[in-house]
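Chemist: One structure coming up, written as C-alpha cells, with questions to follow.
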Amino acid sequence: MAKLYFYYSSMNAGKSTTLLQAAFNYEERGMRTMLWTAAIDKRSGEATIQSRIGLSRIAHQFDEDVNLLSAISAEHAAQPLNCVLVDEAQFMTRDHVFELALVCDQLHIPVLCYGLRTDFQAELFPGSAQLLAIADELVEIKAVCECGAKSTMNLRVDLDGKAVKSGAQTEIGGNDRYIALCRKHFMEALNDQ
C-alpha cells in the first residue's frame with residue numbers, strides 16, 4: 001500500500017535537503033519521481049526547490065487552482081511514477097491533501113510531503129493541519145534553537161530583529177524574516193515587546 005507521509009518541522013531543519021535526497025535516492029535506482037513546490041515561494045526562482053546548503057531542482061508548481069490528482073495522473077499515464085515529493089506542503093489547500101491521498105490510494109504512488117507545522121503565531125497552516133489529520137506517517141525533522149534545545153516554533157522578525165506578533169499568515173522569507181526557536185524562547189521573544 002502506498003502511503004502519504006508528512007515530514008514537518010520548524011524553519012532551518014533541512015526539509016528541502018531531505019526531499020532532494022529522497023528524490024535522488026529513487027532516481028539513482030532508476031525510478032521516476034515528480035517534484036512539486038508552492039508557486040507562492042519564489043525565493044529560489046520560478047518552480048525551483050532549493051535547500052540552504054545549495055542543492056536545487058526544478059519542480060512543478062501548485063497553487064489553489066491546480067488539481068494535483070489530475071496533474072499527477074496525467075504524468076503517471078504518460079510514464080509511470082514511483083514517488084511524488086512535495087515541498088512547502090504547508091501552503092497546500094485541504095483539497096490538495098485529499099487529492100494526494102487519492103494518488104496513494106488509487107494510483108498506488110507514495111507521496112512524501114515536507115513543510116512547516118505552524119506559522120509565526122503558533123497556528124497550523126491549512127495544508128499542515130490536513131496532513132496531520134490524514135497522513136499515514138508523521139515524521140518530525142529536528143531543528144535546533146539558539147539554546148541547543150529542539151526548535152518547534154517559527155518567530156517572524158522585523159527589519160530590526162524584533163518579534164512580529166500580527167500580520168498575514170503567509171509572508172515568504174528566510175533567515176532575514178524568521179528564526180527557529182524552542183517554545184520557551186519563542187514565548188520570551190513575544191513577551192519582550
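The values are calculated or read from the model by the stated rules, or taken from the named source; none is laboratory data. Worth saying up front: this structure is predicted, and the values here are computed from it rather than measured. Cβ placement follows ideal geometry from the backbone for every residue including glycine, while neighbour counts extend to all protein chains displayed.
Chemist: Picking from Ile72, Ile109, Ile49, which residue would you name as being assigned to a strand (DSSP E or B) and either modelled with pLDDT of 95 or more or under 23 Å from Tyr178 (Cβ atoms) (or both)? Steps first, please.
Modeler: On the way: Ile72 fails: assigned to a strand (DSSP E or B); Ile109 fails: assigned to a strand (DSSP E or B).
Matching residue, one of Ile72, Ile109, Ile49: Ile49.
Chemist: Here are the criteria: (1) part of a helix (DSSP H, G or I); (2) surrounded by fewer than 18 Cβ atoms within 10 Å (Cβ to Cβ); (3) modelled with pLDDT of 95 or more. Tell me which single one Val97 does not satisfy.
Modeler: Unmet condition: (2).
Chemist: Moving on. Can you find even one residue in the range 14-29 that is small (Gly, Ala, Ser) and free of Cβ contacts under 8 Å to residues at least 60 places away in the same chain? Before the answer, list the steps.
Modeler: Looking only at the range 14-29, we keep the residues that are small (Gly, Ala, Ser), and these are 14, 16, 22-23.
From what is left, the residues that are free of Cβ contacts under 8 Å to residues at least 60 places away in the same chain are none.
Scanning the range 14-29, I find no residue that is small (Gly, Ala, Ser) and free of Cβ contacts under 8 Å to residues at least 60 places away in the same chain, so the answer is no.
Chemist: Assess whether Gly115 counts as being touching a helix residue (DSSP H, G or I) at 6+ places or on another chain (Cβ under 6 Å), closer than 19 Å to Phe62 by Cβ and assigned to a strand (DSSP E or B). Working first, answer last.
Modeler: On the way: touching a helix residue (DSSP H, G or I) at 6+ places or on another chain (Cβ under 6 Å): yes; closer than 19 Å to Phe62 by Cβ: yes; assigned to a strand (DSSP E or B): yes.
Considered against the rule, which asks whether it is touching a helix residue (DSSP H, G or I) at 6+ places or on another chain (Cβ under 6 Å), closer than 19 Å to Phe62 by Cβ and assigned to a strand (DSSP E or B), Gly115 comes out as yes.
Chemist: Got a number for residues in the range 68-89 being without any contact (Cβ under 8 Å) to a residue 60 or more places away in the chain, surrounded by fewer than 24 Cβ atoms within 10 Å (Cβ to Cβ) and not charged (D, E, K, R)?
Modeler: 13
Chemist: I would also like to ask the following. Under 8 Å between Cβ atoms, at least 6 apart or on separate chains: pull out the pairs that start in the range 145-166 with a residue that is farther than 12 Å from Leu181 by Cβ and end on any residue that is surrounded by fewer than 11 Cβ atoms within 10 Å (Cβ to Cβ).
Modeler: Lys162/Gln193; Val164/Asp158; Lys165/Gln193
Here's the yes/no breakdown for (1) among the aliphatic types (A, V, I, L, M); (2) closer than 22 Å to Ser70 by Cβ; (3) surrounded by 19 or more Cβ atoms within 10 Å (Cβ to Cβ); (4) at pLDDT 95 or above:
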{"site": "Tyr8", "(1), (2), (3), (4)": "no, no, yes, yes"}
{"site": "Asn12", "(1), (2), (3), (4)": "no, no, no, no"}
{"site": "Tyr26", "(1), (2), (3), (4)": "no, no, no, yes"}
{"site": "Gly30", "(1), (2), (3), (4)": "no, no, no, yes"}
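Chemist: Same structure again: Please tell me if Leu100 is touching a residue at least 40 places away in the same chain (Cβ under 8 Å) and more than 26 Å from Ala180 (Cα to Cα). First the steps, then the outcome.
Modeler: On the way: touching a residue at least 40 places away in the same chain (Cβ under 8 Å): yes; more than 26 Å from Ala180 (Cα to Cα): yes.
Judged against the criteria, Leu100 is a match.
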